1. Checking the structure you have, find out if any residue of segment 93-106 is of a type in the set (Val, Ile, Thr), at pLDDT 95 or above, away from the ligand (no atom under 12 Å from the Cβ) and assigned to a strand (DSSP E or B).
2. Find the residue count for segment 185-239, including only residues that are without any contact (Cβ under 8 Å) to a residue 60 or more places away in the chain, in a loop (DSSP other than H, G, I, E, B) and either in contact with a Pro (Cβ under 9 Å, 6 or more places away or on another chain) or closer than 14 Å to residue 394 by Cα (or both).
3. Just to be sure before I move on: is residue 48 within 14 Å of the ligand (Cβ to nearest atom), over 15 Å from residue 125 (Cβ atoms), of a type in the set (Phe, Trp, Tyr) and not assigned by TED's automatic domain parsing to the domain that holds residue 173 in the structure I sent?
4. Looking only at residues that are touching a helix residue (DSSP H, G or I) at 6+ places or on another chain (Cβ under 6 Å) and in a strand (DSSP E or B) in segment 118-175, which one is farthest from the ligand (Cβ to nearest atom)?
5. Return yes when residue 400 is out of contact with any Lys or Arg (no Cβ under 6 Å at 6 or more places or on another chain), aliphatic (A, V, I, L, M), surrounded by 13 or more Cβ atoms within 10 Å (Cβ to Cβ) and in a loop (DSSP other than H, G, I, E, B) and no when it is not.
6. Report, ordered by the first and then the second residue, all pairs with beta carbons closer than 6 Å, sequence separation of six or more or different chains, a first member in segment 129-151 that is more than 14 Å from residue 402 (Cα to Cα), and a second member that is assigned to a helix (DSSP H, G or I).
7. Name the residue, out of 293, 301, that is surrounded by 19 or more Cβ atoms within 10 Å (Cβ to Cβ), modelled with pLDDT under 95, on the phi > 0 side of the Ramachandran plot and of a type in the set (A, V, I, L, M).
8. Considering 350, 346, which residue is assigned to a loop (DSSP other than H, G, I, E, B), touching a helix residue (DSSP H, G or I) at 6+ places or on another chain (Cβ under 9 Å), modelled with pLDDT under 95 and not polar (S, T, N, Q)?
Amino acid sequence: MSERQRKLGVIGLGQAAAMVIDCLRERPDLPWRLVAGADPRAHAVDAFHAEFGGGHADAESLCRDSDVDAVYIASPSWLHLEHVEIAARHGKHIICEKPLTLDLADGLRMVDICRRAGVYLLAGHTHSFDAPIVAMSELVRSGDLGDLRAINCWNFNEFNHRPRLLSELQATHGPLLNQGPHHVDIARQIGGGLVRSVRASVIPDGVTGMPGGYTAFVQFASGVPATLVYDGRSLLDTAEFFGWVGESGGRRDPAWNPQRRSEFEALMALPAEERDARLEEGKESGRFGGERAGKLLNALAGVEAAYQPHFGLVVVACEKGTLRQSPTGLYLYTANGREEIAVPRRDSGRVAELLEMHQAIEQGRSPFHDGAWGVATLEVCLGMLESSQTNTEIAMRHQVSA
Ligand SMILES: NC(=O)c1ccc[n+]([C@@H]2O[C@H](COP(=O)([O-])OP(=O)(O)OC[C@H]3O[C@@H](n4cnc5c(N)ncnc54)[C@H](O)[C@@H]3O)[C@@H](O)[C@H]2O)c1
């Protein structure tokens, strides 16, 4: 690769970090070198240091390292603002995991901080970086299929019953702020970015007592409607519609959802202390250094997968044709019937976001998925929450175009 190699530090060596680290291990051709990692968990820092060097106990110490060009923030969502502030103060470009943060004012503050510091902020990682979604967005934008008429996105999985403390699920209102950014980013990228209003209802998950999913009606400023439907209660699995290909493009076991649901039901019957210890143990095993790290669930970020990644069905209706994903690209339905459009599989997911940030630095211009983009997505997710709580339609004020 001809581009200059840049140096990356990772703040928070947990599950999300393990997937980024896996990407960098498996794609040595990427123009990034991992040089630093920070976490209060000493054993994770030791394991990181043994493999890459540059182990730090906290974000401040990592950001003092002048060798680091950019940081990947993969700490818990409620610490993202604090870590953006530290990184920006030290002049580091920033990729921040989704959700950007949990509060709109905090998101706006992040954008302001990064603008003043002259660093790029990239709002990662969502399925809008997936190659088929990028291909759909480009086809719609080309105008070859006529005007965009509607976007319909459906996803069903076992999100609510993955191992994590219930407090983490509570902080994001179940999937709303954690998984919502995937859906909203996909719809905004295809629909042009500018959402006028949102109306939504949340469905409860009887197993955890948390929100288990949502049904949202989003309207763009252009008048184009989008529906976003999510159900993370481990019942129906969208992989069934993809020939049992899961979210990251790997094979998915039809028994996966029912097993997760019954396991979680059994956990919820335990005394709270024992339940939490088991949940934390399950989460820890997926963090960097753990036995399931980077291989967690079906979230391999497109590194090893045989098929395209997906975030459930995305059906895009245009004047002259309708698009949806196929296992290897897209299907286009027109008056001539169905045709398949091949889409090269490389460079989806976290690989794509690392490349987007690298290109931004090289070219000296803000990434596409910048902080303002991330705030606009967060606003829609928070609007979905507010709409479900107040039973009203919520107008958007901080939208930016794609
Ligand atoms: N787990 C996933 O599959 C996944 C996928 C996409 C995005 N995310 C996002 O990534 C972020 C992290 O989630 P996770 O699931 O990896 O959680 P996690 O708990 O596995 O990882 C968070 C890590 O941050 C560390 N940490 C805590 N306080 C810290 C501090 N002050 N400074 C530095 N590190 C600190 C923790 O010790 C832990 O190792 C969240 O915003 C989440 O929404 C997670």
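The values are calculated or read from the model by the stated rules, or taken from the named source; none is laboratory data. The structure presented is a predicted model; accordingly, all values stated were derived computationally and were not measured. Reconstructed Cβ throughout: ideal geometry from the backbone, glycine too, with neighbour counts over all protein chains shown.
1. Here is the first cut: in segment 93-106, the residues of a type in the set (Val, Ile, Thr) are 94-95, 101.
Keeping just the survivors that are at pLDDT 95 or above gives 94-95, 101.
Then drop every residue that is not away from the ligand (no atom under 12 Å from the Cβ), which leaves 94.
Filter once more, keeping what is assigned to a strand (DSSP E or B): 94.
Checked against the condition, which is being of a type in the set (Val, Ile, Thr), at pLDDT 95 or above, away from the ligand (no atom under 12 Å from the Cβ) and assigned to a strand (DSSP E or B), segment 93-106 yields at least one hit.
2. Result for segment 185-239: 2.
3. Criteria met by residue 48.
4. 148
5. On the way: out of contact with any Lys or Arg (no Cβ under 6 Å at 6 or more places or on another chain): yes; aliphatic (A, V, I, L, M): yes; surrounded by 13 or more Cβ atoms within 10 Å (Cβ to Cβ): yes; in a loop (DSSP other than H, G, I, E, B): yes.
When the stated conditions are applied, residue 400 passes them.
6. Correct list of pairs: 148/140; 151/187; 151/190; 151/191.
7. Values: 293 fails: on the phi > 0 side of the Ramachandran plot.
Of 293, 301, the one residue that is surrounded by 19 or more Cβ atoms within 10 Å (Cβ to Cβ), modelled with pLDDT under 95, on the phi > 0 side of the Ramachandran plot and of a type in the set (A, V, I, L, M) is 301.
8. Working: 350 fails: assigned to a loop (DSSP other than H, G, I, E, B).
Result: 346 is the single residue among 350, 346 that is assigned to a loop (DSSP other than H, G, I, E, B), touching a helix residue (DSSP H, G or I) at 6+ places or on another chain (Cβ under 9 Å), modelled with pLDDT under 95 and not polar (S, T, N, Q).
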